[in-house]
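The values are calculated or read from the model by the stated rules, or taken from the named source; none is laboratory data. Just so it is clear, the structure is predicted and the values come from calculations on it, not from any experiment. Note that each Cβ is placed from the backbone with ideal geometry, even for glycine, and that neighbours are counted across all protein chains shown. The accessibility values were calculated without ligands, DNA or RNA, using every heavy atom of the protein model including side chains. Shrake-Rupley method; radii C 1.70, N 1.55, O 1.52, S 1.80 Å.
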Amino acid sequence: MVVDKVARHEAGSWRSLAMALLLALWLQSLPWSGIGLLLRPDFLLLLVLYGSLHHPHRVGMGWAFALGLLSDFNDGVVFGQHAMAYVAGAYAMHLLRLRLLQFDPLRQAIQLLPVFLMVQLGVLLIGWLAVTPPLGWGIVLPAISTTVLWYGVASLIQLWHGKGMRRE
Amino acid sequence: MAASGQPMFVRGLGATSRLIIWLLVGLAMVALDSRYHALEGLRASLALVTQPLRHAARAPFEMADEIAGFLTRHRALQRERDALLQERAELRAEINATRDLVREYAELRRLAALDSRPDLHGVTASVLYQGQDWFAQRLTLDRGGRSALRAGLPVVGADGLIGQVSRVYVSSSEVTLVTNRDLLTPVFIERTGQRGLVAGAGRSGLLELRHMTVRTDVREGDILLTSGIDRVYPAGIPVARVTRVSRSTTNPYLRIDCVPLAGIERDRIVRVLLPVVAEEKP
């Protein structure tokens, strides 16, 4: 019985992950423009980091890499740029995981800001080294907006699941 | 405090090794892509896979655009239609005015051609109004005694005889039309030279050729010209065209209906013919 329940739970969370992936891709490919584009949170990164926080056995570095490639494709940049940064982000989550799980969403978000910033800077650095010099510091803005979004999403999911996933 | 999904015992590679491997893979991809453009196939297949998603993402915006565009188009079309309607009304008015001018111009030209005949010299006058009384068959002109008009002068339009001046005031005059029942006009049939008298038929706008015996050669379509024998009208002014010839058993004469050739109810500019002697005076 327990196994069956676990299996069903697993299937459910796979499905919700897939839904989240679709949602993130959809949000990513909306026709953003102007200030919205500048401030657009990195939905795929959020998904990767959230997944590696709460479902580490499913969302690992391979997924981070794959979603990074998707993000590269979506932004039309060189392949590997976001992928490497996402992998680094997933690694950071792996290191911070036990610590982060003890905090409420706001504190999680605050502590994740450096991670998001690091990922953005990583993207910037790789892009810089690989192809072109950056087009200004606007590229780090998504780190901030992704932090804010983390807070929103994590709070929402916590509310949704009652006491939160960390007690799971 | 291990969560259910947390790996208790790490199997396989450690996180750092995996990080390094993935970073190396990433570096390889960056190099492949930026230096050798070897990953265009991957890009193309990703484009193929994400195509529906992109369409889905764009659909609501396109729909909103479409609706907004529809509303603006609707408003713009309404405005355009109003403007066009107004423009059409203005153009109509202009066309009418132009037609009027063209007609008047043609009339004037014909009058001018008439003027080239030496015996048809006269005074040009405008029709002020047509008598209200339908049976009186009169016109009022804007010329009178001051322009040397006097009663009895013939009045012609561009196409033919209109009538005869019957009353003269200082600066206006009355014309009795050929269609007046009491006005007799001596004419001849252009085709045969047969003389006769034309008078108004009493019905509006019609004439009849009177006192023609049943043996007279008259046909439909014959043109009647002034004969000039009464010395009132110059000879050869078109008067009427025969439209119907009928015989009756009780009447020794033919009944001949004619329509006047002149635009009696149309012309706005007419010519009052002056006798040649009167012209020589001033």
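Within region B:266-282, residues that are part of a strand (DSSP E or B) reach partners that are at pLDDT 80 or above and open to solvent by 40 Å² or more (accessible area, probe 1.4 Å) with beta carbons closer than 6 Å, at six or more positions or on different chains, in the pairs B:I269/B:S126; B:R271/B:T124. Only one residue in A:A20, A:A88 is more than 8 Å from chain B (Cβ to nearest Cβ) and among the small types (G, A, S). Which one? Selected residue: A:A20, the only one of A:A20, A:A88 that is more than 8 Å from chain B (Cβ to nearest Cβ) and among the small types (G, A, S). In this structure, B:A38 does not satisfy being closer than 24 Å to A:V59 by Cβ, open to solvent by less than 100 Å² (accessible area, probe 1.4 Å) and either at pLDDT below 80 or facing chain A (nearest Cβ under 8 Å) (or both).
Checking each residue of region A:111-119 against the condition of being at the interface with another protein chain (Cβ under 8 Å from one of its Cβ atoms) and either touching a residue at least 60 places away in the same chain (Cβ under 8 Å) or surrounded by 23 or more Cβ atoms within 10 Å (Cβ to Cβ) (or both) gives no match. Only a single item in (1) open to solvent by 20 Å² or more (accessible area, probe 1.4 Å); (2) part of a helix (DSSP H, G or I); (3) facing chain B (nearest Cβ under 10 Å) is not met by A:L53, and it is number (1). Against the conditions (1) out of contact with any Gly (no Cβ under 9 Å at 6 or more places or on another chain); (2) in a loop (DSSP other than H, G, I, E, B); (3) open to solvent by less than 50 Å² (accessible area, probe 1.4 Å), B:C258 satisfies every one except (2).
Quick check, is A:L45 open to solvent by 30 Å² or more (accessible area, probe 1.4 Å) and more than 10 Å from chain B (Cβ to nearest Cβ)? In short, no. Does B:S173 meet the test of being polar (S, T, N, Q) and open to solvent by 10 Å² or more (accessible area, probe 1.4 Å)? When the stated conditions are applied, B:S173 does not pass them. Of all residues in region A:131-168, those satisfying the criterion of being modelled with pLDDT of 75 or more and open to solvent by 80 Å² or more (accessible area, probe 1.4 Å) are A:I144, A:V148, A:Y151, A:L156, A:L159, A:W160, A:H161. Among residues of region A:72-99 being at pLDDT below 85 and not acidic (D, E), the one that is most open to solvent (accessible area, probe 1.4 Å) is A:G76. What number of residues in region B:41-76 are at the interface with chain A (Cβ under 8 Å from one of its Cβ atoms) and among the basic types (K, R)? Within region B:41-76, residues that are at the interface with chain A (Cβ under 8 Å from one of its Cβ atoms) and among the basic types (K, R) number 3.
Checking each residue of region A:123-130 against the condition of being open to solvent by less than 10 Å² (accessible area, probe 1.4 Å) and at pLDDT below 85 gives at least one match. Out of B:T185, B:T213, B:T192, one residue alone is under 19 Å from B:I237 (Cα atoms), touching a residue at least 12 places away in the same chain (Cβ under 8 Å) and open to solvent by 40 Å² or more (accessible area, probe 1.4 Å). It is B:T192.
Meeting the requirement of 3 or more residues that are under 23 Å from B:R110 (Cβ atoms), the strands (runs of 3 or more DSSP E) wholly within region B:140-211 are B:154-156, B:161-168, B:173-177, B:184-189.
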